[in-house]
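The values are calculated or read from the model by the stated rules, or taken from the named source; none is laboratory data. Here the structure is a predicted model, which is why all the values come from computation and not from measurement. All Cβ positions, glycine included, derive from the backbone under ideal geometry; neighbour counts span all protein chains shown. In case anyone asks, the SASA skips ligands and DNA or RNA and just uses the protein heavy atoms, side chains included. Shrake-Rupley method; radii C 1.70, N 1.55, O 1.52, S 1.80 Å.
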Amino acid sequence: MTADDRVPFSDLATAAYCPRQLYYARRDDREPPPAHDAARELAAQYGALSTADASTLAAHDLAVSPPEFQSNLAASLAVHSVSDPAETAVYLRGKDAHGTAAKVHHDPFAPSLVTPGSPPEAGVWEPQAVRAVAAAKALSWREQTPVDHAFVEYARHGVIRRVALTTRKKAAYQRALRTARSLDGPPPRLHDDAKCGACDYREACGTKTRSLRSLLSFDDA
């Protein structure tokens, strides 16, 4: 295994979403939108934000109303202890993948990934699950100990979801890894209205679809 064989977490998530999108993303070099910074700032202040008044919360880039944000956050923090991480902004280099986790928790070990996007009704979107598995595996490689879960923090919503490394999720990760490593030209178009409409490359790709809001962006590479 050489350093060049390791795939960025972001490439794996994109490969899981659309291999053709990964082809365009590798060709271009874009800066993350400001919402990424807003999400990171929120994720670092859960303790203070959980008791902040409405005027304080209104100064932040929330995706929901302040009361809904605090209600979501209270419910999430009651189940998931992610407000006091052992490490923050941690670069993880695993056997197969590398990237930055917003947080790393100890006892037990688990990484957190922060996204400005919107959560699904339950669980996490598959590209985010793939990215979470990649981060957990990289952390496991660093610590030389099993890591069986990760967290995805939808910080602008105050929603935190736990991602267990199930057989199904690890299989999706392996598929994305194979796709990312083997990509050497533009794959076929998906012709998926929902995915294509949310893609920043839909015009370059030539796919004509309705416009949808992207839900899947992350803050780290």
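Observations on the model:
- Contact map, segment 55-76: residues that are touching a residue at least 60 places away in the same chain (Cβ under 8 Å) paired with residues that are surrounded by fewer than 13 Cβ atoms within 10 Å (Cβ to Cβ) and of a type in the set (S, T, N, Q), Cβ distance under 9 Å, separation 6+ or inter-chain. Pairs shown: Gln70/Thr51.
- Qualifying residues in segment 130-153 (those that are under 13 Å from the mean Cα position of the chain (by Cα) and free of Cβ contacts under 8 Å to residues at least 60 places away in the same chain) - the one surrounded by the fewest Cβ atoms within 10 Å (Cβ to Cβ): Val152
- Within segment 96-123, residues that are touching a residue at least 24 places away in the same chain (Cβ under 8 Å) have Cβ atoms under 6 Å from residues that are open to solvent by 10 Å² or more (accessible area, probe 1.4 Å) and of a type in the set (Asp, Glu) in these pairs: Gly99/Asp220; Thr100/Asp220; Val104/Glu87; Phe109/Glu143; Val114/Asp219, counting only partners at least 6 apart in sequence or on another chain.
- Exactly one residue out of Leu57, Leu77 is open to solvent by less than 70 Å² (accessible area, probe 1.4 Å) and over 22 Å from the mean Cα position of the chain (by Cα): that is Leu57.
- Test: residue in segment 106-117 that is open to solvent by 20 Å² or more (accessible area, probe 1.4 Å) and in contact with a helix residue (DSSP H, G or I) (Cβ under 7 Å, 6 or more places away or on another chain): yes
- Segment 24-49 - residue that is under 18 Å from Ala75 (Cβ atoms) and either touching a residue at least 12 places away in the same chain (Cβ under 8 Å) or touching a Pro at 6+ places or on another chain (Cβ under 9 Å) (or both) and, of those, surrounded by the most Cβ atoms within 10 Å (Cβ to Cβ): Ala43
- When residues of segment 14-23 are limited to those that are touching a helix residue (DSSP H, G or I) at 6+ places or on another chain (Cβ under 7 Å) and more than 11 Å from Ala134 (Cβ to Cβ), the one surrounded by the most Cβ atoms within 10 Å (Cβ to Cβ): Thr14
Residue-by-condition table, conditions (1) of a type outside the set (A, V, I, L, M); (2) surrounded by 18 or more Cβ atoms within 10 Å (Cβ to Cβ):
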| position | (1), (2) |
| --- | --- |
| Leu12 | no, yes |
| Thr51 | yes, no |
| Ala86 | no, no |
| Ala97 | no, yes |
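- Any hit, segment 65-85, residues being part of a strand (DSSP E or B), touching a Gly at 6+ places or on another chain (Cβ under 8 Å) and of a type in the set (A, V, I, L, M): no
- Applying the set (1) modelled with pLDDT of 95 or more; (2) open to solvent by 60 Å² or more (accessible area, probe 1.4 Å); (3) at negative phi to Arg202 leaves exactly one unmet item: (1).
- Test: residue in segment 160-182 that is under 21 Å from Ala35 (Cβ atoms) and open to solvent by 20 Å² or more (accessible area, probe 1.4 Å): yes
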